1. Express as a percent, rounded to the nearest 5, the fraction of DSSP beta bridges in segment B:58-187 (both residues included) that run antiparallel.
2. Between residue A:408 and residue B:408, with labels modelled 7 Å along Cα→Cβ, what's the label distance in nm to one decimal, could you check?
3. What value, in deg cm²/dmol to 500, does the helix sum -39500 (n - 2.57) over DSSP H runs of n ≥ 4 give at 222 nm once divided by the residues of chain A?
4. For chain A, with a Gaussian network of springs between Cα atoms less than 10 Å apart, report the residue from A:101, A:316, A:169 with the top mean-square fluctuation.
5. Using the reciprocal of the averaged 1/r over all distinct C-alpha pairs, how large is the Kirkwood radius of segment A:280-359 in Å?
6. Straight-line reach only, C-alpha to C-alpha below 20 angstrom: list the lysines that residue A:304 could link to, leaving out same-chain residues fewer than 8 apart.
7. Can you list the residues of segment A:60-95 with backbone N under 14 Å from a point 7 Å past the Cα of residue A:238, pointing along Cα to Cβ?
8. Which values, in whole Å and largest first, are the semi-axes of the equivalent ellipsoid of segment A:172-329 obtained as the square root of 5 times each eigenvalue of the Cα gyration tensor?
Protein chains: 2
Amino acid sequence: MTTRAELAALDAADPLQSFRDRFVLADGLIYLDGNSLGALPRHTAARLQDVITREWGQDLITSWNRNDWIGMGTRVGDKIGRLIGAGPGQVVCADSTSINVFKLVAAAVALRPGRTVVLSDHGNFPTDLYMVQGLASIAGQGVTLKLVDEGDLIGAIDDTVACVLTTEVNYRTGWRHDMAATTKAAHAAGAIMLWDLAHSAGAFPVHLDAVGADLAVGCGYKYLNGGPGAPAFLYVASRHQATIRPPLSGWLGHDAPFAFDLTYRPAGGIVRNVCGTPPVLSMAALECGVDVMLEADMAEVRRKSVALADLFHQLVEDRLPGQFRIISPRDGDRRGSQVCLAHDHGYAIVQALVAAHVIPDFRAPDILRFGLTPLYVRYVDIWDAVERLGAIMAAETWRRPEFQTRAKVT
Amino acid sequence: MTTRAELAALDAADPLQSFRDRFVLADGLIYLDGNSLGALPRHTAARLQDVITREWGQDLITSWNRNDWIGMGTRVGDKIGRLIGAGPGQVVCADSTSINVFKLVAAAVALRPGRTVVLSDHGNFPTDLYMVQGLASIAGQGVTLKLVDEGDLIGAIDDTVACVLTTEVNYRTGWRHDMAATTKAAHAAGAIMLWDLAHSAGAFPVHLDAVGADLAVGCGYKYLNGGPGAPAFLYVASRHQATIRPPLSGWLGHDAPFAFDLTYRPAGGIVRNVCGTPPVLSMAALECGVDVMLEADMAEVRRKSVALADLFHQLVEDRLPGQFRIISPRDGDRRGSQVCLAHDHGYAIVQALVAAHVIPDFRAPDILRFGLTPLYVRYVDIWDAVERLGAIMAAETWRRPEFQTRAKVT
């Protein structure tokens with residue numbers, strides 16, 4: 001039987017141990033929601049003060065050149081590229097994940113004339129589906145969203161499919177697609193593969209170039225620790241960059257934005273996928289989060305993430321037998337960086353956990369989702385979280401009225 | 001003949017005088033580019049520290065409820081609404097101006113079945129045109145961008161026009177459309193009127209509700225002093241809110257985002273026009289800028305803006321006769337809040353001005369653009385700016401080689 005002391009010893013020997021101190025975390029708080037909003041890197045506040053007081057306050061408009069605000073989107077993009085196996089010049093930081101899905105799905109369909117199907121699955125994060133539905137509502141060449149169960153995705157790819165779109169890791173269950181096999185199947189059918197890396201980038205090593213991915217999008221505020229609503233990113237493989245034509249053709253994606261031509265002419269390279277002026281303050285915070293991540297060995301991050309999840313599963317089975325349905329995959333290879341438990345009273349139990357300083361999140365209808373972020377989550381945190389969960393279940397604390405009221409954001 | 005002493009007396013008597021101290025401005029700097037990037041309000045840095053260290057660092061994911069991040073877009077939107085004559089519930093802060101143009105043009109065309117023309121003018125800011133071109137490239141129902149000279153806009157509105165789209169103030173010349181007359185003409189022809197308020201919001205009083213405007217967008221980082229790349233806003237008149245269907249249908253515009261349905265169903269009210277997760281840090285900075293603006297009497301702001309521009313025109317004519325072509329309108333009613341001078345060597349002259357601590361900006365091919373932001377620009381600043389401009393012209397300082405090299409951002 002595992003003991004807390006054994007886990008404390010694992011923490012003491014953890015090669016990632018020193019990273020915890022790079023983040024601001026209140027004493028006693030067990031934060032298992034870095035997959036919704038990553039924790040605050042310790043150096044972000046000072047960097048933002050500098051951006052605000054010096055770059056904006058003093059240098060004002062000249063910062064676009066002097067402090068290279070104009071190059072920030074590609075600079076941060078290239079850094080993110082290093083975390084997701086993308087060579088330089090293929091990633092840019094811009095807009096939100098939803099907006100980037102729209103850009104790239106529209107562009108993908110245009111790359112496959114005569115095909116209209118965008119194939120996705122029921123496990124994809126809904127906003128990806130909503131954006132395709134929005135595109136379909138206005139798209140002249142015809143766009144049809146086809147949804148299958150996530151395990152059936154590869155089998156459903158045929159020569160009607162213009163674009164296969166899914167999120168590598170299911171946000172609700174942690175189930176993980178086989179990126180190489182899915183990409184290969186898409187290409188075999190002549191389709192474009194578009195990956196949403198919201199729960200991948202910064203969570204484990206991703207190999208976009210190596211698997212031959214075409215397009216990808218991802219989120220800055222989860223595992224990249226970029227801050228609330230941090231801008232998102234998008235990836236376009238070099239081979240598609242000259243032919244892709246983004247429908248959200250804003251001025252900063254123009255070949256010569258400051259010529260102020262009346263007709264759009266796309267910039268070369270990845271920059272054409274930029275639209276309007278980026279939120280510089282939010283992007284500067286994202287860069288801080290990415291910089292910390294780049295110091296870590298992603299293989300080590302992955303190894304620890306798998307170990308934390310295995311431990312979590314084991315402790316729940318050993319200590320809370322039969323109380324929860326474990327829905328995250330037991331096989332580490334088929335799992336992202338989260339543990340998911342189902343319970344009819346999941347919402348109230350999550351509220352009781354938050355009151356006990358353990359922060360997971362709830363995903364309707366009945367899922368307790370625990371994000372594992374190895375840079376700042378320790379083995380003992382998993383022990384303590386399961387302890388507190390056990391206490392809540394034993395005392396039925398979750399039945400308290402204050403834990404039943406649904407907040408706006410769950 | 002005006003003297004500097006007379007202008008200093010005007011500043012001393014200026015009812016807006018106390019506002020200058022609310023902004024960070026280096027000694028000796030004359031900042032005439034608040035229409036590209038507004039100056040830093042003094043309280044923004046402390047507010048951002050609080051958002052970063054307390055709301056993000058301590059409260060983490062719970063801030064979406066506890067610190068009402070989820071309500072930030074409509075809260076800031078309503079505040080901006082007070083500056084542009086829009087009653088509550090009609091403005092939301094989201095995305096970039098370009099993205100918002102796309103949303104609303106697509107929605108406007110859908111509101112007028114059988115019509116395909118989006119009418120705009122050569123004076124509109126190019127990104128607005130580019131976004132319509134992007135929409136036209138994918139839009140099934142057919143969208144055609146038609147451009148006319150800005151003075152011919154009203155006359156070109158006919159019953160083929162689905163949507164009239166223009167920026168109230170020409171970014172290059174400062175020429176200002178007649179909002180009431182243009183809106184009326186659009187309605188007489190059965191068209192939807194969409195205003196871009198990039199150079200209006202925070203610059204002078206706007207009366208969207210009173211003129212019966214349908215839709216509007218605008219920018220957060222110019223006259224609203226929201227910081228670099230601050231999120232933009234959009235306005236949808238109440239009467240259109242139930243029928244409008246935004247094509248960028250992201251999850252935060254869903255009626256129940258946390259139900260995670262597989263099918264998009266638009267939220268009621270203005271919220272359906274939100275798409276993805278907003279950049280909270282950048283939006284918090286924008287709120288600081290808007291809050292300062294709300295303390296000012298916009299009629300007073302306008303009065304001073306007109307006086308500053310009239311003074312600028314007069315000083316250039318008196319002291320630099322024949323050296324520049326004054327292209328901003330002399331009639332205050334037909335002018336935004338900027339003064340524009342044309343010169344063949346405009347770019348180099350702007351660089352020489354920047355070196356002399358006067359910051360205007362350059363707009364291709366030959367325009368020196370001076371933004372007038374009455375909360376922090378004084379009458380003596382206009383005097384001193386023209387002095388320094390005169391010195392540069394007399395000594396031909398602008399001929400120096402270092403002033404000829406074009407930067408990425410001009």
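1. 10
2. 3.7
3. -10500 deg cm²/dmol
4. A:316
5. Numbers: mean 1/r = 0.0661 Å⁻¹.
After inverting the mean inverse Cα-Cα distance, the result is 15.1 Å.
6. Output for residue A:304: A:222.
7. Correct set: A:86-91.
8. 36, 20, 13
A short reminder: the numbers here are calculations on the coordinates, not readings from a lab. Everything numeric in this text was worked out from a predicted model, so none of it was measured. Positions of Cβ are generated from backbone atoms using ideal geometry, with glycine treated the same way; all protein chains shown enter the neighbour counts.
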